[in-house]
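Worksheet: one structure, shown below.
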Amino acid sequence: KNSTTFLRGDNTFASAGGVNTPAFQVKLGNEPAVSTSTWTKVPCSVETYDVGGCYDNSTNFRFTPTTAGKYVFYVQVGFNALADGKYLYAAVRKNGSTIFSDGNAINHTGHAGGLASRYTITAEANGSSDYFEAYGFHNHGSDRNFTAGWSFFGGYKIIE
């Protein structure tokens, strides 16, 4: 054999590969107000891509994968102008229950710009009824808006 041939011990080739679909990435199209100390769904309506058509970008703002398996999800939630000492959180919910949330304490004085919390998590989906949503939370003391340029949600199937 030449140097470009791959052989296993039994002289057969095992194919590798697969696809990371369904997959999606979405972002906010506007900046809705979020009440203080209230978990609020991030209404991501702008699809960067939606391979498989499993993300609802107009009604429920949720991903319902049609293929069973393990998925990687990433989320970032941004808010405008949170005060020093306040918190912001991002969460991914599966079937309405939080599977993970994480946040940041604001430790600066009078920041006028947007701030964001982000993370990545894995979860399993049954391929029929499981759905996933992004949520955000802040405790500023009064309404704050999601920041469109800093808020997004995405995910893809892991090749197993």
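Quick look at the numbers
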read-out: Estimated inter-spin distance, THR67 and THR38, nm [label 7 Å along Cα→Cβ]; value: 3.8
read-out: Chymotrypsin sites (Phe, Trp or Tyr not before Pro) within region 37-97: DSSP coil, no more than 16 neighbouring Cβ in 10 Å; value: TRP39
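Values in this text are rule-based calculations from the coordinates and carry no lab data. The structure displayed is predicted, hence computed values, not measured ones. With ideal geometry, Cβ positions are generated from the backbone for all residues, glycine too; neighbour counts draw on all protein chains shown.
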